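In what follows, a structure is listed as structure tokens, so that the remarks can point back to it.
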Protein chains: 2
Amino acid sequence: MINRLCIIGVGLIGGSLALALKKAGFCGEVIGAGRNREHLEKALRLGVIDRVETDYTRAVHLSDMVLVAVPLGAMKAVFEKIAPALHPHTIVTDAGSAKMCVIEDAEDAFGIKVNQFVPGHPIAGTERSGVEAAFDSLYQRRRVILTPLESNRADDVKKVRAMWQAAGAEVDEMGPRHHDLILAGTSHLPHILAFSLVDCLNRLDDVDEIFKFAAGGFRDFTRIASSDPVMWRDICLHNRDAVLAMMQRFQQEVDEVRHAVEAEDGEQLLKIFTRAKQARDDFSM
Amino acid sequence: MINRLCIIGVGLIGGSLALALKKAGFCGEVIGAGRNREHLEKALRLGVIDRVETDYTRAVHLSDMVLVAVPLGAMKAVFEKIAPALHPHTIVTDAGSAKMCVIEDAEDAFGIKVNQFVPGHPIAGTERSGVEAAFDSLYQRRRVILTPLESNRADDVKKVRAMWQAAGAEVDEMGPRHHDLILAGTSHLPHILAFSLVDCLNRLDDVDEIFKFAAGGFRDFTRIASSDPVMWRDICLHNRDAVLAMMQRFQQEVDEVRHAVEAEDGEQLLKIFTRAKQARDDFSM
């Protein structure tokens, strides 16, 4: 149970957590903190938060749990702002899609108090963004990965875990570097490919016809290209090494396929496609 | 109205057309023709076809319209088998995903009778295949592209058009080369990318974890990797030039993104992702 939860960055991720915790009766009051008062007033009207604070220091000072759910590029500035306001018992966690970079930012900003920071990543979301898109069941049957620091108090990790579980999620733990590689493969690379494919087709001469004759599969395949460009720019920049490593693995795979097409090697194409179908069918079961 | 429709290759595509035309009352009898009697008996039991014929010549001889819905690599052999059985009034059409190669096969097999062949491509389908997956509304609000030959009788093209319209589709016409390029971009390339991504991840060491932590977006993005590998091998081989041209365009796009990530050029990444999101959002409206 959390008395006061402060959410910095009340969008799809932070807003959905607030709604889920209120529904579960797991949270007394939700303070929405941010720079944009108009945006926060909307979250208040939507019933996502209970109170608006544009002064981060004050918001954090009042809270026992703080979730920072801003794009990766904005984490450090937020951490620096809230660092002075942390009580010894305040727990800070985040919802960043990459963890190594957030941990570095937290170490820089919090100094010795970094032990109060429990890094987390809810693997949930839709291609929609903003507080209007928030809904209370976003985390049902979704996974949240925590990448605790060695210096974290076990009790703080437990509280962050309990919070996500109350929202309906299944919580796992792993090392931050491992997290960043796994997510680069299953999330970051697919988004890059979807953005790249849509932009590539959009730059062709017959663009109107291209999209006119795009079928259902294409619609599914490119849905994630509707995601927030700022968030994805930040992920590419802040999980750069893992993203580049996965792009290189993918490049090798595409080269294999291209060589097989060039050489009219049907056997090789069938082998690759069959292996992929098998893996996809196993995964979706 | 068709008296007897012969479907060679009673799978998702052929089976769904049969069901749609029966429902619309547009077709007297549907003959399912193929080499595999057991498979055809199943289609009969499912009510997809009215009659089983393993003798292509006999099936075609009885029919006024013939739809060949087999993988691209099997088209020519089917054309060669049915060529001798064509009455002067029989119309043959196909459902191949590429058109240049099918037209060449038809010219080789039908000779002077190629004027009775109206090439077509229903842009519909799901990642499922086989007659069990057939359903009567597959073509509702879907597009079918015809790429008529100069030698086609206008009346034959009209009849093929009417057949697809009766099944619920909207019918367009274009040249076969243009068709092949457009589809290479909107369908063939996305499938190649989906197969490649899943296979690439499946070959990593942490494969169990990879798929365990894959989220909703990944599921949509890779659904088309469950498609029939034989069909997609054939598309790669038979629409080779257009597929390679599109793969090259895509390669240039991915190179741009990779360079931007390497150079930590956030402005360029934001530009590409924003352009893609805009195009995707416009398309889905």
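The values are calculated or read from the model by the stated rules, or taken from the named source; none is laboratory data. Fair warning: this is a prediction, and the values are worked out from it, not measured in the lab. No Cβ is skipped: glycine too gets one built from the backbone with ideal geometry, and neighbour counts run over all protein chains shown.
For this structure, a couple of remarks:
- Beta carbons closer than 8 Å, at least 6 apart along the sequence or on distinct chains, pair a first residue in segment A:259-283 that is more than 7 Å from chain B (Cβ to nearest Cβ) and in a helix (DSSP H, G or I) with a second that is surrounded by fewer than 22 Cβ atoms within 10 Å (Cβ to Cβ) and among the acidic types (Asp, Glu) for A:259/A:265; A:268/A:256.
- Contacts under 7 angstrom Cβ, first residue in segment B:179-205 being at the interface with another protein chain (Cβ under 7 Å from one of its Cβ atoms) and free of Cβ contacts under 8 Å to residues at least 40 places away in the same chain, partner aromatic (Phe, Trp, Tyr) and surrounded by fewer than 24 Cβ atoms within 10 Å (Cβ to Cβ), 6 or more apart: B:182/A:213; B:186/A:213; B:196/A:250; B:197/A:250; B:200/A:250
- Some residue of segment A:106-115 being surrounded by 24 or more Cβ atoms within 10 Å (Cβ to Cβ) and either among the β-branched types (Val, Ile, Thr) or not assigned by TED's automatic domain parsing to the domain that holds residue A:235 (or both): yes
- All of (1) surrounded by 24 or more Cβ atoms within 10 Å (Cβ to Cβ); (2) in contact with a Cys (Cβ under 9 Å, 6 or more places away or on another chain); (3) closer than 26 Å to residue A:177 by Cα hold for residue B:254 with one exception: (1).
- Residue check, residue B:208 in a helix (DSSP H, G or I) and out of contact with any Leu (no Cβ under 7 Å at 6 or more places or on another chain): yes
- Which numbered condition residue A:163 fails, given (1) surrounded by fewer than 17 Cβ atoms within 10 Å (Cβ to Cβ); (2) away from every other protein chain (no Cβ under 12 Å); (3) aliphatic (A, V, I, L, M): (1)
- Among the residues making up segment B:211-220, a single one is crowded, with 22+ Cβ neighbours inside 10 Å and either touching a residue at least 24 places away in the same chain (Cβ under 8 Å) or among the aliphatic types (A, V, I, L, M) (or both): B:214.
- Conditions (1) at the interface with chain B (Cβ under 9 Å from one of its Cβ atoms); (2) modelled with pLDDT of 95 or more: number failed by residue A:215: (2)
- Scanning segment B:29-42 for residues that are closer than 22 Å to residue B:79 by Cα and under 23 Å from the mean Cα position of the chain (by Cα) turns up B:30, B:31, B:32, B:33, B:34, B:35, B:36, B:39, B:40.
- When each of A:203, A:240, A:233, A:223 is tested for being touching a helix residue (DSSP H, G or I) at 6+ places or on another chain (Cβ under 7 Å), surrounded by fewer than 22 Cβ atoms within 10 Å (Cβ to Cβ), closer than 18 Å to residue B:274 by Cα and of a type in the set (D, E, K, R), the lone residue that passes is A:223.
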